[in-house]
Amino acid sequence: MLKINLEKLKFLRSIKIRIFLIVFIIGFIPSTIARYAILKNYEQRAVDLRTSDVQTQLKILANHLIAYRYLQDTSSEVIDAELNMLSNLYDGRVLIINNNLKVVKDTYGISEGKTIISEEVIRCLKGVNTSNYDSTNNFIEMTIPIMESLEVDTSEMQPMEPNLASGVMLTSVSTDYIATTMEILNRKAIVVEVLVILIVFIISMLASYVIIRPFEKITEALNQVKEGYTNDPISVSDCLETEHIGDAFNQVLSRMKVLDDSRQEFVSNVSHELKTPITSMKVLADSLRGQEDVPIELYREFMEDIADEIDREDKIINDLLALIKMDRTSSDLNIAQVDINVLVELIMKRLRPIALKKNIELVYESVRPVSAEIDEVKITLVISNLVENAIKYNKEFGWVKVTLDADHQFFTVEVADSGIGIPEESIEHIYERFYRVDKSHSREIDGTGLGLAITRSAILMHRGSIKVVSEEGEGTTFTVKIPLTYIAVS
């Protein structure tokens, strides 16, 4: 049941529906409040006006009551006529009450001689006018003191001298005409409100359509790209937001194209690199098979070449496997506290015979003791790859210098050489898989073209960075920067 209800409310997630509802509510609520406020204001003004008119008539009649001493003698036909006229005029009832709270006159003729005890009557005997509006039963009840003096305090809740009033006029007048008028006004106001709501509804629909239309264009363009109808950049400049969305998507699309091209090139390179040693071995094997009485020396030479090609194939496969592992998440890292000085010394010791064989001077300088949280295997691979490359791409009787340093956050390993350098146009491509700067000498210089790609992946897994500065013919310097404390990112 809950799932069904959520499905029904799913349409509220639409921006178009939200904009429509917001605009509609902004138009609907003020119109409803305005209708209510206008009717209440009219009702209040009509009641105040009615009360003021009746009080004026009652004050005049109260003076006549004093003049004719009506509280002592109720036989005056003139006063009776005035009371009946007032009662008929305002469709109400008038009671004359003396200071003993006894009704001496009732225009309805049903309460004469009775005693009335109420808060309003008692307050009026003390000189205070009262007025109460009963909107449920449609009448106004008011009291006017009958004073011996003509000067009467008519202000609400302002008492005069106690026991000054000789009597009270308790009057209730009908407000049916006010209720009838309000019903007529309310019907007209509802008609106007419905027209306003209809206009607001149309404006809400138009506003939601106009605002959402640019986003619909973006969606249409994205669907065309998704379906493969076009690969052209999208552009919806109707508003700034859609323009930003289009620009962001175009950047993603461009990045996807680069990645797709890189993937295709990678597959092509992998196929080529894996096929080349196999082709060489097949050629060598076919040569041996096609000859009779092959000399043992030639047989040994061909078998050595085949063994070299097998080693080359094995290295390519191992590097590919290493690269695949580097593409996994950082959860594959085996982090431990490692003495970096000892680690670099061991690497240098292992690579020094290779450097001596090529007459390369290998120098190691440690500025200070360094200990860091790293994956020892991967960082060993990083430093080894950089030093091996510095040896391979060096000049005869050249040098390679490895410098270890650290600050309070990072340790740095700088590998500088006096080698052949990297052309400026190739620097941005050196971390690409199977990329070789000098393809004409790729067979002469041992390697798969995956070393720097593996190196960069391992560094990024440690949240580090690698930079290169090189001048063709002068040498190259790689600088690796790794945090001393590893922070895993979930």
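Before moving on, here are some points about what is shown:
- Residue in region 105-115 that is part of a helix (DSSP H, G or I) and open to solvent by 80 Å² or more (accessible area, probe 1.4 Å) present: no
- Here Glu373 meets the list (1) open to solvent by 50 Å² or more (accessible area, probe 1.4 Å); (2) over 21 Å from Lys315 (Cα atoms); (3) without any contact (Cβ under 8 Å) to a residue 40 or more places away in the chain almost entirely, failing just condition (3).
- Taking the criterion of being open to solvent by 10 Å² or more (accessible area, probe 1.4 Å) and part of a helix (DSSP H, G or I), the residues of region 118-133 that qualify are Glu119, Glu120, Ile122, Arg123, Leu125.
- Hits in region 151-198 - residues which are modelled with pLDDT of 85 or more, touching a strand residue (DSSP E or B) at 6+ places or on another chain (Cβ under 8 Å) and of a type in the set (S, T, N, Q): Ser166, Thr171, Ser172, Ser174, Thr175
- Region 56-65, subset of a type outside the set (Val, Ile, Thr) and open to solvent by 40 Å² or more (accessible area, probe 1.4 Å), residue farthest from Val128 (Cα to Cα): His64
- When each of Ser14, Ser76 is tested for being polar (S, T, N, Q) and modelled with pLDDT under 85, the lone residue that passes is Ser14.
- Pairing each residue of region 442-467 that is modelled with pLDDT of 90 or more with any residue that is assigned to a helix (DSSP H, G or I) and not β-branched (Val, Ile, Thr), provided the two are 6+ apart or on different chains, yields C-beta distances under 7 Å for Ile466/Arg456.
- Applying the condition of being under 39 Å from the mean Cα position of the chain (by Cα) and open to solvent by 80 Å² or more (accessible area, probe 1.4 Å) to region 408-432 and asking which residue is nearest to Val387 (Cα to Cα) yields Glu428.
- Members of region 51-82 found to be farther than 13 Å from Ile144 by Cβ and in contact with a Leu (Cβ under 7 Å, 6 or more places away or on another chain), listed by number: Leu71, Ile79, Glu82
The values are calculated or read from the model by the stated rules, or taken from the named source; none is laboratory data. Please read these numbers as outputs of a predicted model, since none were measured by experiment. Cβ sites come from the backbone with ideal geometry, for glycine too, and all protein chains shown count toward neighbours. Accessible surface areas use protein heavy atoms only, side chains included; no ligands, DNA or RNA. Shrake-Rupley method; radii C 1.70, N 1.55, O 1.52, S 1.80 Å.
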